[in-house]
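Novice: Here it is: the structure, laid out below.
The values are calculated or read from the model by the stated rules, or taken from the named source; none is laboratory data. The structure displayed is predicted, hence computed values, not measured ones. All Cβ positions, glycine included, derive from the backbone under ideal geometry; neighbour counts span all protein chains shown.
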Amino acid sequence: MLYNPFDPLFLVLVVPAMLFSMWAQFKVQSSFKKYSQQQTSKRLTGAQAARAVLDDAGVTGVKIEAVAGNLTDHFDPKANVIRLSDSVYNSTSVAAVGVAAHEAGHAIQYANHYAPMKLRAAIIPATNIGSKLSMPLVLIGLLMSMPGLINIGIVLFGTVVIFQLITLPVEFNASSRAIKILDNSALLARDEVPASKKVLTAAALTYVGALAVSLAQLLRLVLLSRGRR
């Protein structure tokens, strides 16, 4: 089975990656909670911060909306809308401002035709297919001893890994743009910038964790395939 917890490859490769991913998720939640208690000296809300970051970069035409949930913040390039969660939109904490500025960073990437972002968007259709069909094809191939089917499944799963790999520079770059503008434009006080940066760094680790899990699973699938042969 692909997720047999007693499989040595699963224990050696996938479990450590999963533990790191779980730690990263805990880290971002705890960091956001901690710095949500620290209010900005200028009482700038998340929505206001996102707009200010866009204005500083000369990006216009981007809507900013509230969306339900906790840390459900995202930029929708199709609608050209930044959607900020309940805990960010009206919050004046340094955590909220950091998250909002990060999403504004994505909008700036989109406006400036940032290559990795365009590449990530281009492979989304292949990634969606890969995420749905890769594991069933590998499983069927293993059960029926069909190496060709296994290889197709592995290649499809590889598209998921590639997507996550491209996501890393997109996320890190958005945070870098956000922190630079927050600092240079004095939207945050000097002693508040490091706190926002810590929240964004913790958030970036979740993408590293997701990539680590996928890479470990991909390596496991390749080794399982070779073992069957």
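Novice: Need the failing condition index for residue 61 against (1) under 19 Å from the mean Cα position of the chain (by Cα); (2) within 19 Å of residue 112 (Cβ to Cβ); (3) modelled with pLDDT of 95 or more, just the number.
Specialist: Checking residue 61 against (1) under 19 Å from the mean Cα position of the chain (by Cα); (2) within 19 Å of residue 112 (Cβ to Cβ); (3) modelled with pLDDT of 95 or more, the one that fails is (1).
Novice: Could you list, in sequence order, all residues of the stretch 185-205 that are hydrophobic (A, V, I, L, M, F, W, C), part of a loop (DSSP other than H, G, I, E, B) and within 15 Å of residue 56 (Cβ to Cβ)?
Specialist: Within the stretch 185-205, the subset hydrophobic (A, V, I, L, M, F, W, C) is 186-189, 193, 195, 199-200, 202-205.
From what's left, part of a loop (DSSP other than H, G, I, E, B): 186-189.
Within the stretch 185-205, 186, 187, 188 qualify.
Novice: Within the stretch 65-89, which residues are within 27 Å of residue 191 (Cα to Cα) and touching a residue at least 24 places away in the same chain (Cβ under 8 Å)?
Specialist: The answer is 71, 73, 74, 82, 84, 87, 88, 89.
Novice: Still on this structure: Only one residue in 100, 107 is touching a helix residue (DSSP H, G or I) at 6+ places or on another chain (Cβ under 9 Å), within 18 Å of residue 40 (Cα to Cα) and either at pLDDT 95 or above or surrounded by 18 or more Cβ atoms within 10 Å (Cβ to Cβ) (or both). Which one?
Specialist: Working: 107 fails: within 18 Å of residue 40 (Cα to Cα).
The match here is 100.
Novice: Tally time: how many residues in the stretch 142-168 are crowded, with 20+ Cβ neighbours inside 10 Å, in contact (Cβ under 8 Å) with a residue 60 or more places away in the chain and not aliphatic (A, V, I, L, M)?
Specialist: Result for the stretch 142-168: 2.
Novice: Regarding the stretch 134-141, can at least one residue be identified that is of a type outside the set (D, E, K, R), under 27 Å from residue 191 (Cβ atoms) and crowded, with 16+ Cβ neighbours inside 10 Å?
Specialist: At the first step, the residues of the stretch 134-141 found to be of a type outside the set (D, E, K, R) are 134-141.
The next check asks that each one be under 27 Å from residue 191 (Cβ atoms); those that pass are none.
Taking every residue of the stretch 134-141 in turn, none turns out to be of a type outside the set (D, E, K, R), under 27 Å from residue 191 (Cβ atoms) and crowded, with 16+ Cβ neighbours inside 10 Å.
Novice: Turning to a different aspect of this structure: Given the conditions (1) of a type in the set (Gly, Ala, Ser); (2) modelled with pLDDT of 90 or more; (3) touching a Pro at 6+ places or on another chain (Cβ under 9 Å), which single one is not true for residue 174?
Specialist: With (1) of a type in the set (Gly, Ala, Ser); (2) modelled with pLDDT of 90 or more; (3) touching a Pro at 6+ places or on another chain (Cβ under 9 Å) applied to residue 174, the lone miss is (3).
Novice: Output the number of residues of the stretch 68-97 satisfying the condition of being among the acidic types (Asp, Glu) and either surrounded by fewer than 16 Cβ atoms within 10 Å (Cβ to Cβ) or in a helix (DSSP H, G or I) (or both).
Specialist: Start the filter on the stretch 68-97 by keeping residues that are among the acidic types (Asp, Glu), which leaves 73, 76, 86.
From what's left, either surrounded by fewer than 16 Cβ atoms within 10 Å (Cβ to Cβ) or in a helix (DSSP H, G or I) (or both): 86.
Result for the stretch 68-97: 1.
Novice: Right, something else. Quick check on residue 181: is it of a type in the set (Val, Ile, Thr), farther than 18 Å from residue 96 by Cα and not in a loop (DSSP other than H, G, I, E, B)? It would help to see each step written out before you state the result.
Specialist: Numbers: of a type in the set (Val, Ile, Thr): yes; farther than 18 Å from residue 96 by Cα: no; not in a loop (DSSP other than H, G, I, E, B): yes.
No.
Novice: Scan the stretch 112-151 residue by residue and report those that are in a helix (DSSP H, G or I) and at positive phi. Steps first, answer last, please.
Specialist: Taking the stretch 112-151 and keeping what is in a helix (DSSP H, G or I), we get 115-122, 124-143, 147-151.
None - no residue of the stretch 112-151 is in a helix (DSSP H, G or I) and at positive phi, so the list stays empty.
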